1. For ASP224, what charge total do you get from the other residues with a beta carbon under 15 Å from its beta carbon, if Lys and Arg give +1 and Asp and Glu give -1?
2. What angle do you read, to the nearest 10 degrees and between 0 and 90, between the alpha-carbon axis of helix 361-372 and the longest principal axis of the chain?
3. Assuming 0.36 nm per residue, please report the length gained on full extension of the stretch GLU37 to ARG146 beyond their Cα-Cα distance.
4. Net charge near VAL163, counting Lys/Arg +1 and Asp/Glu -1 over other residues with Cβ under 12 Å of its Cβ?
5. In degrees from 0 to 90, rounded to the nearest 10, what is the angle of the helix 331-342 Cα long axis to the longest principal axis of the chain?
6. Ranked highest first by the average count of other Cβ atoms within 10 Å around their residues, in what order do 100-113, 314-327, 252-265 fall?
7. Per DSSP H run of at least 4 residues, take -39500 (n - 2.57); add these up for the chain, divide by its residues and hand me the 222 nm value, nearest 500 deg cm²/dmol.
8. Would you kindly work out the equivalent ellipsoid of the chain from its C-alpha gyration tensor and give its semi-axes, the square roots of five times the eigenvalues, largest first in whole Å?
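Just so it is clear, none of the values below were taken in a lab; they were calculated from the coordinates. None of these values were measured; they are calculated from a predicted model. Please note: Cβ atoms are built from the backbone with ideal geometry, for glycine as well, and neighbour counts cover all protein chains shown.
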Amino acid sequence: MAVEETVSTLPSTVVGTTPGVLRLINSRAILDELFREDASRTVTELSRAVGLSRPTVEAALADLVDEGWVAEAEAIATPNKAGRRAKRFAADASAGAVLGVDLGLHGIVGLRADLRGATTARVEEHYADLTSADQAWASVQDVVQRLTDGVDPDRVLAATFGVPAVVDRSGAIDYTVAVPQWVESRVPGRIQDLFPGAATFFDNDAKLAATAEAMWGRFRGVDDALYLVMGRQIGASYLVDGSLARGARGAAGEMGGLASTGWPTAPARLEARIAADTDLESVFAAAGRGDAEAVAVVRAFAEDVVPGVVQLVTTLDPEVVVVGGEVLPAAEVFAAALQDLVSPRLRHPVAVTPSTVGRDAVARGALAPVAHARPDVPHGTRLTSRSRAGL
């Protein structure tokens, strides 16, 4: 799936290159090779792989070891060979950290990962309402502080935030119907200020969730698929011919404002069905356990969103529809209801299924590039290239 783009501050062709820049380029090539496989390499092996002389590789490795990005690894025994074993070197995935944050209207999920994409910390918080810019800003600061507790700020290399907004191809938030106060009060800019030494990006939450589903979930091996975010926040994203569809201005799938879909009024109708002595999370959880009243609420919600789902399915002709978002605790019930309601309107029924990535889909989608591609040399040996999840 074509969801990765690499952006570098170094031009692809360097004119009048200085020795210092050449050394940085060499360091990046070597670190790239070390991150390519989770295995140690000798100087000779690295020299052959990157096409650099042994002295050049040794000098670059010395820089990388001093900076903490590479460590000397245990030598491998070579039977029937006498003499001193060659030194081996490996990239240290724990030397830096990247963050993926799902910043929603009613909750935040934050993940911290090492440089190979392995999750090292997770924070989740639920809120009654984060439409207020002040509340959103305070909550983001709290989650980020807990997520990076004990981490050297200089070692946080990148942070990607999934937001309920249209994000254009340059990574700028174009507009948002859900949280206009965030943009008016410069919440995105203040978030970027939290990471002065790191690359900070924003992307649409549904598109990041679809990215995660394509890497780890139900979309693997699927060319055409539809992802639905369902709950008090409704959205959609989709794959076409194996690629995440963005549209000319990043607005592909943004149907939530169209009255014909039933989506603009569905969240309010959903909340109106919730008894005063409970909350939506409890109702979804109860529906997941089979409680009859809660199941009826979920099925009614499915009925409300059917028109928009039918429009998307008939337009895209997906192989599968995956459901995520707040409805996940009751996703089996919701998906079954949606299947029953949508199928009679289609010539070829489509499978509707819960997300297999789950609640962390948006945050994991934000970390997706790191999970299958190495970062470039950061900080002291500083090359500020970054991989971005489609921004």
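1. Numbers: positive: ARG218, ARG220; negative: GLU213, ASP223, ASP241, ASP317, GLU319.
Taking every other residue near ASP224 into account, the sum is -3.
2. Relative to the chain, helix 361-372 is tipped by roughly 20 degrees.
3. Net length gain for the segment: 36.1 nm.
4. -3
5. 60 degrees
6. On the way: 100-113: 23.6, 314-327: 20.9, 252-265: 16.9.
Descending packing order for the listed peptides: 100-113, 314-327, 252-265.
7. For the chain, the value works out to -11500 deg cm²/dmol.
8. 44, 22, 19
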